[in-house]
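See below for the structure under consideration.
Only the coordinates and a few stated rules stand behind these numbers; no lab work does. None of the values given here were measured: they were computed from a predicted structure. Note that we place each Cβ from the backbone using ideal geometry, even for glycine, and neighbour counts take in every protein chain shown.
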Amino acid sequence: MKKSTIALVVLMLLVGILIIASFYMKKEVDDQLVSLSKMPDFKITMSGNMIYTKDSLWQDYNNLFVFYKPGCDHCDYLMNDIKKHPDYFLRTMVFFLTTNKFDVNQDNSEVNIFTGLVSDYLFNKVFYVKGTPKLLLYNSDKQLVYVNTGEVNTETILSHIIEANESTPN
């Protein structure tokens, strides 16, 4: 066989493998979104050892879960920006969640913004966090209305919160 024929066969095999891999990756993402479409059960340990679960969330509030890693520039920027504008999140409980120990002084519960610690299992296997920041916004009916992994601006989040408020009765 000629070298060009071998190269063509190898190239076709690689393209085929990439197509198959992308199909399975898309299926995995679709399966994750289906499993997250209703808020899963969870346990979050807040500063002061307060515990939140799905059933103890405030009624008639949206819930924004922001999974982050301390030291991540995008995560830190987003946290600081949201904390600068607490009045935008009055009907939303905002949880900044990490698997790392956190500074308990970061908690700002007077304005519905919390910092919490979650297990690696919850972080990776229940909420499928593969990169940070990862945001999951649930409306007051505990239905997923927005998901994002990576950099996002506060205005985008707010537009989805407004949609969530409009989609559920007060």
| task | Quickly work out the ASN165-to-LYS3 label distance, labels modelled 7 Å from Cα along the C-beta direction, and quote it in nm with one decimal. | result | 6.7 nm
| message | Run the simple label-point estimate for LEU14 and LYS84 please: 7 Å along Cα→C-beta, distance reported in nm. | response | 4.5 nm
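Give LYS38/LYS69; LYS84/LYS130; LYS83/LYS134; LYS43/LYS101 a once-over and call out the pairs whose C-alpha atoms are over 21 Å from each other.
Working: LYS38/LYS69 25 Å; LYS84/LYS130 27 Å; LYS83/LYS134 17 Å; LYS43/LYS101 16 Å.
From LYS38/LYS69; LYS84/LYS130; LYS83/LYS134; LYS43/LYS101, over 21 Å: LYS38/LYS69; LYS84/LYS130.
Is the stretch 111-156 rounded, prolate or oblate when judged by the Cα gyration tensor, a ≥ b ≥ c being the square roots of its eigenvalues, rounded requiring a/c under 1.5 and prolate requiring a/b larger than b/c?
On the way: a/c = 1.37, a/b = 1.23, b/c = 1.12.
Rounded is the answer for the stretch 111-156, as its axis ratio a/c remains below 1.5.
Determine the sum of side-chain charges near TYR68: Lys and Arg each +1, Asp and Glu each -1, restricted to other residues whose C-beta is under 10 angstrom from that of TYR68. Show your work: numbers first, answer last.
Values: positive: LYS69, LYS134; negative: ASP76.
Spelling it out: positives minus negatives among the neighbours equals +1.
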| Which far-off residues, 5 or more places away or on another chain, put their amide H under 5 Å from the one on VAL145, with H placed in the peptide plane? | LEU137, TYR138, ASN139
| Residues with amide H under 5 Å from that of GLY116, placed H, sequence gap 5 or more | PHE96, LEU97, THR98
| message | Between CYS72 and SER37, how high is the FRET efficiency from 1/(1 + (r/R0)^6) when r is the Cβ-Cβ distance and R₀ = 25 Å? Nearest 0.05. | response | 0.40
